[in-house]
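This is the structure, below, for whatever I ask next.
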Amino acid sequence: MDVRASACPLDCPDLCSLDVSVEAGRVIEVNGSHKTPITRGFICGKVRKIADHLYGPDRVLTPLLRTGAKGEDRWRALEWDDALAMIASRLGEIRDRAGGEAILPYHYGGSNGWLTEGGLATRFFRRLGASTLRRTFCASATGAAARGLYGELPGVALEDFVHSKLIVLWGVNPSATGIHLVPIIDEARAAGAKLVVVDPRRTPLARRADLHLPVRPGTDLPVALALAHALFERGLADRRFLSEHCDGAQEFARRAAAWSLDAAAAEAGLEVSALERFLELYVASSPAVIRCGWGVERNRNGGSAVAAVLALPAIAGKFGVRGGGYTLSNGDARWGLGPEAAIGEPAPATRVVNMSQIASALATLTAPRVEALFVYNCNPVATAPNQAALIEQLRRDDLFVVVHEQVMTDTAKLADLVLPATAFLEHRELRRGYGAMRLYDSPAVATPPGQARTNQQLFGALLERMGLVRPTDRHSEDELVADIFNASPGGAALRAQLARDGVATPPAGATPVAFADVFPGTANGKVQLTPPALDDEAGGLYRYKPEPAAAAPAFPLALISPAMATQISSTFGQLRERPAELDVSPEDAAARGITSGATVRVWNELGEVICIARIDRDVRPGVLVLAKGFWRKHTANGFTANALIPETLADLGGQAAYNDARVQLAAL
Ligand SMILES: Nc1nc2c(c(=O)[nH]1)N[C@H]1C(S)=C(S)[C@@H](COP(=O)(O)OP(=O)(O)OC[C@H]3O[C@@H](n4cnc5c(=O)[nH]c(N)nc54)[C@H](O)[C@@H]3O)O[C@H]1N2
Ligand SMILES: Nc1nc2c(c(=O)[nH]1)N[C@H]1C(S)=C(S)[C@@H](COP(=O)(O)OP(=O)(O)OC[C@H]3O[C@@H](n4cnc5c(=O)[nH]c(N)nc54)[C@H](O)[C@@H]3O)O[C@H]1N2
Ligand code: SF4
Ligand SMILES: [Mo]
């Protein structure tokens with residue numbers, strides 16, 4: 001048995017370093033190592049058990065052609081050559097007749113690397129003149145807000161949280177979504193740090209926190225603005241930092257003045273005393289860090305809310321010390337590298353389709369209508385909004401659906417053609433972390449089962465078959481990786497680090513301190529507290545959009561869908577046997593005669609879900625929780641939370657507003 005070094009590129013901030021035991025090309029065991037220091041030699045249960053995913057009965061092993069009606073689950077195995085010929089001829093025919101824009105690539109992160117996302121897939125669809133997908137499932141509102149205020153600026157390194165005296169977890173649940181922060185928080189607390197959690201649910205860390213603010217979903221904006229306003233009004237704002245490092249402070253203060261602590265507490269469903277206590281802790285503590293998560297962005301106020309939360313450390317003067325400031329996505333750690341250099345084809349100005357509005361796009365776009373959907377790195381039936389409408393569209397006989405996948409997902413089941421994809425231990429991946437500031441170039445360590453092929457192999461073959469290869473093209477993995485590094489002045493040094501240590505750290509180091517080692521990446525190097533571009537995009541940044549009163553009587557409950565510990569979004573869902581459970585507060589359950597374990601119906605104008613209820617004291621009244629990532633088999637009627645999620649967007653980044661679902665609930 002061989003032990004090989006790798007790194008986990010799944011959509012998780014931690015970017016664990018791995019030791020993978022391999023025998024005869026098969027993964028036997030996966031353990032954490034120490035190359036990413038926060039891994040500390042341990043990893044999550046999901047990846048420890050990845051052999052069940054790689055070699056389980058749901059793995060797609062050959063190309064499969066649908067032989068029954070769409071969704072009927074009857075397939076015939078094909079040779080790759082025949083599958084590729086079929087795709088090339090169908091896409092070619094559609095392009096020649098209806099135009100390239102009748103073809104829509106559909107992809108999100110998959111395993112989030114720069115080889116599997118980007119690379120030859122993007123080159124292929126650009127040269128085909130396909131419609132352009134705007135990728136908005138996740139982090140597009142947070143990304144727009146963070147870049148608007150700070151430009152590209154790395155946040156507080158996760159390992160530096162040990163130095164913090166106050167840790168604020170705002171719409172983030174590391175106990176499930178980034179487990180390596182938990183022991184770091186424990187260490188900080190052992191050294192005297194306080195912990196504040198802002199979350200509608202009493203999460204495991206909220207239970208242990210010094211202060212938990214159980215906000216109503218979507219009300220972070222008033223809370224953050226009221227805190228900012230109180231800082232200004234009480235003379236607690238850091239005037240020196242604001243004048244030296246910030247633009248737009250006056251305008252920000254003017255807008256924040258719309259919210260007193262009283263008004264914000266009423267809107268968010270909190271005690272004013274809790275907001276006073278939060279303010280007191282925040283002012284008194286240094287270093288203080290706000291770990292902003294992705295629970296803040298997924299509603300109609302989400303972009304403004306994230307911007308307001310990120311403004312707080314500037315207003316309160318929390319930067320410039322190790323362990324102080326904010327952490328959002330450390331993907332912005334200024335690597336000076338990106339996947340674009342490997343694509344080798346400029347983006348054409350083709351029609352843009354927001355992936356979070358896919359159901360409507362398929363139903364309503366004309367000139368041209370979408371006739372082919374090519375899905376890779378994504379499982380939209382489980383993860384996109386408006387699930388029932390999407391399923392109906394995928395069933396259309398005049399829509400050609402190709403899905404490149406590792407396992408038979410709910411999306412693959414609705415395809416015309418399914419192609420077997422490799423998983424991360426079976427292909428090379430270049431990946432930088434969005435929590436841990438590390439970069440890996442991990443080789444394949446295991447043999448792909450069956451006829452699984454990498455994204456590069458698939459799209460390289462299609463480029464060739466469709467006559468889209470140019471004589472100057474570079475397309476081997478080595479060439480793509482070389483192009484990524486060669487495009488950057490710091491690339492050679494990073495490559496040398498990777499060759500020497502098996503891991504690289506950003507040019508500014510793995511634990512840069514904002515406003516000491518690194519400064520905002522905005523045009524003038526200052527924080528933009530009210531950036532005009534965001535103001536335009538949001539139609540008024542920091543302007544709160546309350547719940548539409550008309551909807552309340554019919555659909556009085558807010559449904560949120562946070563992450564599960566046992567999956568990454570829908571990834572690994574095939575391994576779960578237990579049905580989905582809907583968490584209901586004791587109050588809302590009692591009002592409807594619902595007991596734990598009862599079958600319930602939860603619905604709105606978009607659809608309904610029939611599943612099992614669990615009475616949960618950790619959920620605030622008025623809120624229901626049905627996790628993201630369930631598969632259709634996990635509920636009694638084959639629909640998940642996504643069947644209740646509207647296609648309306650957050651105010652920035654075209655972001656999906658997953659937590660804006662409003663529903664009614666009844667016992668069945
Ligand atoms: N185990 C596991 N790890 C994951 C993932 C996974 O699915 N499973 N997903 C990965 C991905 S894709 C991402 S984007 C990250 C997400 O990482 P997190 O941001 O931690 O994930 P979520 O669970 O979506 O949301 C965090 C919290 O926000 C709360 N919340 C919901 N609405 C609101 C609100 O309006 N305001 C506030 N303040 N809180 C709210 C939820 O109750 C939840 O506890 O995790 C990554 N890591
Ligand atoms: N209800 C609700 N839904 C949500 C959210 C929510 O908060 N609530 N949050 C959203 C968030 S944060 C995110 S990030 C999205 C994620 O949504 P998706 O992008 O759909 O992510 P996954 O569910 O992880 O599915 C990724 C798929 O890509 C496949 N894959 C992985 N690597 C490769 C590869 O190399 N090649 C190919 N061809 N395929 C590969 C995996 O097998 C997997 O099936 O979900 C969103 N969905
Ligand atoms: S999913 Fe996250 S915690 Fe699990 S191995 Fe990967 S990086 Fe580590
Ligand atoms: Mo995400």
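Within the stretch 327-339, is even one residue in a helix (DSSP H, G or I) and among the aliphatic types (A, V, I, L, M)?
Pass one, the stretch 327-339, residues in a helix (DSSP H, G or I): 330-332.
Then keep just the ones that are among the aliphatic types (A, V, I, L, M); that gives none.
The answer is no; no qualifying residue exists.
Take LEU104 and tell me if it is crowded, with 24+ Cβ neighbours inside 10 Å and over 18 Å from ARG453 (Cα atoms). Walk me through it before giving the result.
On the way: crowded, with 24+ Cβ neighbours inside 10 Å: yes; over 18 Å from ARG453 (Cα atoms): yes.
Taking the combined requirement at face value, the residue satisfies it.
Note down all Cβ pairs under 7 Å where the first residue falls in the stretch 471-492 and is closer than 15 Å to GLY118 by Cα, the second is acidic (Asp, Glu) and not in a helix (DSSP H, G or I), and they're at least six residues apart or on different chains.
VAL481/ASP441
While we're on this one: Can you name every residue in the stretch 88-100 that is surrounded by fewer than 23 Cβ atoms within 10 Å (Cβ to Cβ) and within 31 Å of the chain's Cα centre (by Cα)?
Start the filter on the stretch 88-100 by keeping residues that are surrounded by fewer than 23 Cβ atoms within 10 Å (Cβ to Cβ), which leaves 88-90, 92-100.
Scanning the stretch 88-100 gives a single hit, GLY100.
Can you find a residue in the stretch 311-326 that is surrounded by fewer than 23 Cβ atoms within 10 Å (Cβ to Cβ), modelled with pLDDT of 95 or more, within 29 Å of LEU430 (Cα to Cα) and under 26 Å from the mean Cα position of the chain (by Cα)?
For the stretch 311-326, residues surrounded by fewer than 23 Cβ atoms within 10 Å (Cβ to Cβ), modelled with pLDDT of 95 or more, within 29 Å of LEU430 (Cα to Cα) and under 26 Å from the mean Cα position of the chain (by Cα): absent.
Can you name every residue in the stretch 1-25 that is within 16 Å of ligand 1 (Cβ to nearest atom) and assigned to a loop (DSSP other than H, G, I, E, B)?
Within the stretch 1-25, CYS8, PRO9, LEU10, ASP11, CYS12, PRO13, ASP14, LEU15, CYS16 meet the criteria.
In this structure, does GLN497 turn out to be crowded, with 17+ Cβ neighbours inside 10 Å and closer than 29 Å to SER17 by Cα?
Working: crowded, with 17+ Cβ neighbours inside 10 Å: no; closer than 29 Å to SER17 by Cα: yes.
In short, no.
Name every residue in the stretch 131-152 that is within 16 Å of ligand 1 (Cβ to nearest atom) and either touching a Pro at 6+ places or on another chain (Cβ under 6 Å) or polar (S, T, N, Q) (or both), in order of residue number.
Within the stretch 131-152, the first condition is being within 16 Å of ligand 1 (Cβ to nearest atom), and the residues that meet it are 135-146.
Result: THR136, SER140, THR142.
Which pairs have Cβ atoms under 7 Å, sit 6 or more apart or on different chains, and link a residue in the stretch 293-321 that is within 17 Å of PRO520 (Cβ to Cβ) and of a type in the set (Gly, Ala, Ser) to one that is within 12 Å of ligand 2 (Cβ to nearest atom) and modelled with pLDDT of 95 or more?
Filtered contacts from the stretch 293-321: no entries.
Could we say that GLY71 is within 16 Å of ligand 1 (Cβ to nearest atom) and out of contact with any Gly (no Cβ under 9 Å at 6 or more places or on another chain) here?
Values: within 16 Å of ligand 1 (Cβ to nearest atom): no; out of contact with any Gly (no Cβ under 9 Å at 6 or more places or on another chain): yes.
Spelling it out, it is not the case that GLY71 is within 16 Å of ligand 1 (Cβ to nearest atom) and out of contact with any Gly (no Cβ under 9 Å at 6 or more places or on another chain).
Moving on to the next point. Could you list, in sequence order, the residues of the stretch 215-227 that are in contact with an Asp or Glu (Cβ under 7 Å, 6 or more places away or on another chain) and either under 16 Å from LEU261 (Cα atoms) or part of a helix (DSSP H, G or I) (or both)?
If we filter the stretch 215-227 for residues that are in contact with an Asp or Glu (Cβ under 7 Å, 6 or more places away or on another chain), which is where we start, we get 218-219, 222.
Hits for the stretch 215-227 are THR219, PRO222.
With the condition being in contact (Cβ under 8 Å) with a residue 12 or more places away in the chain and within 10 Å of ligand 2 (Cβ to nearest atom), I'd like the strands (runs of 3 or more DSSP E) fully within the stretch 350-417 carrying at least 2 qualifying residues.
Values: elements: 352-354, 372-376, 400-405.
Counting at least 2 such residues, we get 372-376, 400-405.
So ASP616 ticks every box in (1) under 23 Å from THR411 (Cα atoms); (2) within 13 Å of ligand 1 (Cβ to nearest atom); (3) more than 21 Å from the chain's Cα centre (by Cα) but one. Which box is left unticked?
(1)
Taking the stretch 140-173 as the region of interest, how many residues are outside any loop (DSSP other than H, G, I, E, B) and within 15 Å of ligand 2 (Cβ to nearest atom)? Give the steps one after another, and end with the answer.
So the first thing to find is which residues in the stretch 140-173 are outside any loop (DSSP other than H, G, I, E, B), and the list is 140-150, 158-163, 166-170.
Adding the requirement that they be within 15 Å of ligand 2 (Cβ to nearest atom) leaves 140-143.
Qualifying residue count for the region: 4.
Let me ask another. Under 6 Å between Cβ atoms, at least 6 apart or on separate chains: pull out the pairs that start in the stretch 156-185 with a residue that is at pLDDT 95 or above and end on any residue that is among the charged types (D, E, K, R).
Note: pairs meeting the criteria are ASP160/ARG322; VAL162/GLU187; HIS163/ARG322; LEU166/LYS194; LEU169/ARG291; VAL172/ARG291; GLY178/ASP14; HIS180/ASP14.
Using the structure shown, decide if ALA193 is at pLDDT 95 or above, under 30 Å from GLU93 (Cα atoms) and over 19 Å from the mean Cα position of the chain (by Cα). Working first, answer last.
On the way: at pLDDT 95 or above: yes; under 30 Å from GLU93 (Cα atoms): no; over 19 Å from the mean Cα position of the chain (by Cα): yes.
It is false that ALA193 is at pLDDT 95 or above, under 30 Å from GLU93 (Cα atoms) and over 19 Å from the mean Cα position of the chain (by Cα).
Just name the residue that is nearest to the chain's Cα centre (by Cα) out of those in the stretch 111-139 that are under 22 Å from GLN357 (Cβ atoms) and within 12 Å of ligand 2 (Cβ to nearest atom).
The residue in question is CYS138.
Consider LYS545 against the criteria (1) of a type in the set (Lys, Arg); (2) in the same structural domain as LEU227 (by TED's automatic domain parsing); (3) under 25 Å from the mean Cα position of the chain (by Cα): it satisfies all of them except one. Which criterion is unmet?
Of everything listed in (1) of a type in the set (Lys, Arg); (2) in the same structural domain as LEU227 (by TED's automatic domain parsing); (3) under 25 Å from the mean Cα position of the chain (by Cα), LYS545 misses just condition (2).
Results for (1) out of contact with any helix residue (DSSP H, G or I) (no Cβ under 9 Å at 6 or more places or on another chain); (2) farther than 27 Å from TYR542 by Cα; (3) aromatic (Phe, Trp, Tyr), shown as yes or no for each residue.
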| site | (1), (2), (3) |
| --- | --- |
| PHE161 | no, yes, yes |
| LYS165 | no, yes, no |
| ALA190 | yes, yes, no |
| ASP210 | no, yes, no |
| ALA226 | no, no, no |
| ALA237 | no, no, no |
| GLU244 | yes, no, no |
| ARG254 | yes, no, no |
| GLU267 | no, no, no |
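Can you go through ALA523, ALA492, ALA510, ALA565 and tell me which one is closer than 28 Å to GLU244 by Cα and not assigned by TED's automatic domain parsing to the domain that holds ARG239?
Working: ALA523 fails: not assigned by TED's automatic domain parsing to the domain that holds ARG239; ALA492 fails: closer than 28 Å to GLU244 by Cα; ALA565 fails: closer than 28 Å to GLU244 by Cα.
Exactly one of ALA523, ALA492, ALA510, ALA565 is closer than 28 Å to GLU244 by Cα and not assigned by TED's automatic domain parsing to the domain that holds ARG239, namely ALA510.
The values are calculated or read from the model by the stated rules, or taken from the named source; none is laboratory data. Computed from a prediction, not measured in an experiment: that's the story for all the values here. With ideal geometry, Cβ positions are generated from the backbone for all residues, glycine too; neighbour counts draw on all protein chains shown.
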